[in-house]
Amino acid sequence: MDDKKQLARILNHLGEDREHYQRAVSPPIMQTSIFSFSSVDEMRKGLETEFETPFYTRGYNPTVAMLGKKIAALASAEMALVFASGSAAVSAAVISAVKAGDHVICVQKPYSWTFKLLTNLLSQFGVESTFIDGTALSHYEHAIQPNTTLIYLESPNSLTFELQDIEAVAQLAKKHNITTIIDNSYATPLYQKPLEMGIDMTVHSASKYLNGHSDIVAGVLCTSKVRGDQIFASELMTLGGIISPNDAWLMIRGLRTLELRLERSANNAEIIVPFLEAHPKVEKVLFPFSPNHPQYELAKKQMDGCGGLFSILLKADDIPAVERFCNSLEFFHIACSWGGYESLQFPVCALYDSLNYNNPELPWNMVRMYLGVEDAEVLKADLLQALNNI
Ligand SMILES: *Cc1c(COP(=O)(O)O)cnc(C)c1O
């Protein structure tokens, strides 16, 4: 009850200084790049608090700040920074934790552009990375080097849904004075609170559940005040990957229904995952809250909910059979991403340029499914007719 009260406060009231704008229920959009001063001395004072009061929108903007307050409170963080994309948030967080000569331990198969950041970009600046199977603590212990300064997690991973024991990794990292970052896009701050488990920074693609309407690209980084202030003054201001006031406003609007959307998506998964698991044309479903998931116990321990994103492996003879299934789905757009109001499918075979190729890590019969807020029976009937087309 207290949690629900707190959530209602955050989503509908926190940060909204309605006395300042004629008690409008929906806040105005401060669509301005600059703020003016009544005197030179006022400007001088303004410069001293450039990141906390209106001066220039790459630094502080009231609409963006309102959003940041809500995100921080949701994540139990002292501070949240908002970026123009999830990748901008990931990059700012990672760059803040490394310098030339440092070593990063990252889980296998992180989000594709996170992988490219570590392997293509940071390697040019003398930062080396090791990618490990993050499901056992011993793998981290073996990978730690004297120059390891960062452990990067993503739990669950958003394509094959492996988990990491967040609390255990955070403890190990603390012992070795290593910074920890987790990509928490899948669970959102509503269903998983890694900062409370000892992680230093969480990053999210807000393009997914947080905004929830597939109409903006955005990202957030949640952390302590000390770290947040440093990243604001350094990575955020110099790389400049800030969100626009207009997009921040859209995200504030999207957040109003975060709980509602997640619950609906999660309830749909509760109905549809067992249905798919029992269907003869489905070989396997990868979903952390399924009792068949190898890390089900861990998922239940560290996540309060799971949403509606999972992958299925079809019992199909060939890629054309998979394509028949995908093409005949009426209510699942064929698209990347997830976390909006609409159901989606991402067929892994679209990554294949040859019908004879197979990548055992991401096999051609895998389709990632996302359940939106449509009625479960509508989605189930759609899946059933499509499975019959295999
Ligand atoms: C989409 C995504 C990102 C990148 O976010 P963008 O908003 O697309 O830049 C990072 N991590 C995960 C897990 C994602 O799904």
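Structure summary
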quantity	calculated
Centre separation in Å (Cα based) which lies between the stretch 337-371 and the stretch 85-119	24
For the stretch 243-330, the spread of Cα positions along each principal axis, largest first, Å	50, 35, 21
The chain, helix-only ellipticity at 222 nm - DSSP H runs n ≥ 4, -39,500 (n - 2.57), divided by all residues, nearest 500	-10000 deg cm²/dmol
Contour excess over end-to-end distance, with Cα ends at Gln385 and Asn327 and 0.36 nm allotted per residue	19.7 nm
C-alpha long axis of helix 2-12 to longest principal axis of the chain, angle in °	70
For the chain, size of Cβ-based charge dipole, Lys and Arg +1, Asp and Glu -1, in debye	480
Options Ala143, Ser123, Leu81, ranked by Cα towards positive dipole end of the stretch 1-147, top entry (Cβ charges)	Leu81
Two-site label geometry, Phe125 and Leu362: point separation in nm, points 7 Å out along Cα→Cβ	2.6
Inter-part distance where the stretch 12-43 and the stretch 294-323 are each reduced to a Cα centre, Å	45
Dimensions (Å) - the stretch 103-144, Cα atoms, principal axes, largest first	29, 20, 6
Helix axis angle, 86-96 relative to the chain longest principal axis, alpha carbon, degrees	60
Helix axis angle, 376-387 relative to the chain longest principal axis, alpha carbon, degrees	50
Distance in nm between pseudo-label sites at His176 and Asp317 (7 Å out along the Cβ direction from Cα)	5.0
Residues His20, His204, His103 arranged by fewest to most Cβ contacts within 10 Å	His20, His103, His204
Dipole of the chain, positive direction: furthest Cα of His293, Val203, Met366, with charges on the beta-carbon	Val203
The chain: proportion of alpha-carbon pairs further apart than 41 angstrom, %	16
Calculated diffusion of the stretch 163-254, Stokes-Einstein form, Kirkwood radius summed over Cα pairs, 10 °C and 1.306 mPa s, µm²/s	111
DSSP beta bridge pairing in the chain, given as percent antiparallel to the nearest 5	55
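None of the figures in this text is laboratory data; all of them are computed from the coordinates on show. As the structure is a computational prediction, the values presented were derived from the model and not from experiment. For neighbour counting, all protein chains shown are included, and Cβ atoms are generated from backbone atoms with ideal geometry for every residue, glycine included.
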